[in-house]
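Take a look at the structure below.
Only the coordinates and a few stated rules stand behind these numbers; no lab work does. Small disclaimer: the values here were computed from a predicted structure and weren't measured. Using ideal geometry, Cβ is built from the backbone for each residue, glycine included, and neighbour counts are taken over all protein chains shown.
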Amino acid sequence: MSQMPQPTALSRCPSCEEPLDAADRFCGACGYDLSTVSAPPPDHPTIAMNGTAAGPPSAAPSTDWPLAHETGGTDTPAPVHRAADIPGTDSGGSELPHPEHPEQDPAAVRPAAARRTAGQPSGVRFDRPSEPDEYPLAPPADGPDRAVPADPRTGDLPVPPAGAKLCVACRAGQVDTDGYCENCGHAQPRERDHMEQELGAVAAVSDRGLRHHRNEDAFAISSTALPDGSPVVVAIVCDGVSSATRPDEASLAASLAANESLLAALPLGTHPQQAMHEAIVAASEAVNALAGPSTAQGEHAPHVNAPACTIVGAIVTSSLLIVGWVGDSRVYWVPVDRSSLPARLTEDDSWAAQMVAAGLMNEAEAYADERAHAITGWLGADAYELEPHTVSFKPDRPGVVVVCTDGLWNYAESAEEMAEAVPLDAAERPLHSAQVLVGHALDGGGHDNVTVAVLPFPAPSQGAGSA
């Protein structure tokens, strides 16, 4: 997953190109503060995903959401959009630049991170504490007074009481309240080690992976109806920051709080983009509530390692796709017609993304660096500030929306790689597709927890309700 706070170390000063040592905090030549990391700006654009090969999906009842104006200023940053065929307008009404028209103002196509105000306080958080490649075994007991105990699996065991949970390893011992076998001591699989859920129009799968001792991801999926009766489907995915305290509790609290907020707001007619923003704020408050009393409310306390997680979510209606996030979990768009271009719809709040945006590294160099997964935005009481990103799209063709943690996209990073991993029948079989994508990550090494939700677009008509 992402990584926790650690001072940024550069080989050269970003200001004067003077060579630096790894421990330097200020440039010896010009005095540049090397710990400064730019903060992300507010991001509330709205763009239309238009293509040329296919017409709009079949008409369905939908709420008449207001569209962006055709004219306006250019001071609002454009959202991240990776597919070449999704022109549109930002939230200020300005036309978004198109990669085929380089004559457009280069300032308009600069990544949002490159336009951040210099010197504004921000933070970087690392998650993924160092782990040894091998774990040494304890030496065998020796000495005349230290007898080797008998193998508990071969001894005479009392018959467990009726209804008691048996160990999955020895199939004989009773499991205690802490989740360990009283016979062989084997830790039992936790409920969150592997989770699957399907609601017809959306499905999600989460797995512990092959290297982590617990699953620190969490998800929530639901469906409800807008005031006009048209369907709306929701998926929230959260990734706990492993080096923080109780990251599994943070991700669970955030996913539940965001889902509850959306289910309360959408049926009342709140615009989905505003509802997503409010849901992320509610998730942040839920994670903040997990922090101990030593965490100063309202100010950054770097010495407090509070529970933390990232969040990403998607709302699908009959005509709109809304995405919101804080951190480095992602959303991908994969058209049903694979001749159309897929797209990544989010921009990571990460060290690597900021290095690329600032022009200090290319994408390959940045993501190969050990600091690549250091996140610059997260939910938690020790976060510098909360700046939810939200974007709304109007796709003109059917497709599937993939919402995932980096446990998956590490093995399918580009939009094209993700589209190749998504089954062709994903729109008809979202649960099967989520299972296939989790399997793709496990087959690739499963170095992290893996969570993915798959939502077909547009939202299919179905009975209103939630789960």
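Here are a few things to note about the model shown:
- Each part gets one Cα centre, and for the range 229-279 versus the range 169-210 those centres are 25 Å apart.
- Mean Cβ count within 10 Å, highest first, over the residues of peptides 218-225, 452-459: 452-459, 218-225
- Since only A364, G407, A434 are under comparison, the one whose Cα sits farthest along the positive direction of the charge dipole of the range 318-467, derived from C-beta charges on Lys, Arg, Asp and Glu, is A434.
- Shape of the range 372-467, Cα gyration tensor, a/c cut at 1.5: oblate
- Full extension of the segment from A289 to F26, taken as 0.36 nm per residue of separation minus the current Cα-Cα distance, would add 91.1 nm.
- Cα-centre dipole for the range 365-422 with unit charges at Cβ (Lys and Arg positive, Asp and Glu negative), debye to 20: 340 debye
- Separation between Cα centres of the range 397-417 and the range 356-384, rounded to whole Å: 19 Å
- Residue-wise HN-Hα coupling along the range 247-262, computed from phi with Karplus coefficients 6.51, -1.76, 1.60 (Hz; x: Gly, Pro): x, 5, 5, 5, 5, 5, 4, 5, 5, 5, 5, 5, 5, 5, 5, 5
- Separation in nanometres of the label points that stand 7 Å from Cα toward Cβ, at A187 and E370: 2.5 nm
- The slack in the chain from K165 to R12, taken as 0.36 nm per residue of separation less the alpha-carbon distance, amounts to 49.2 nm.
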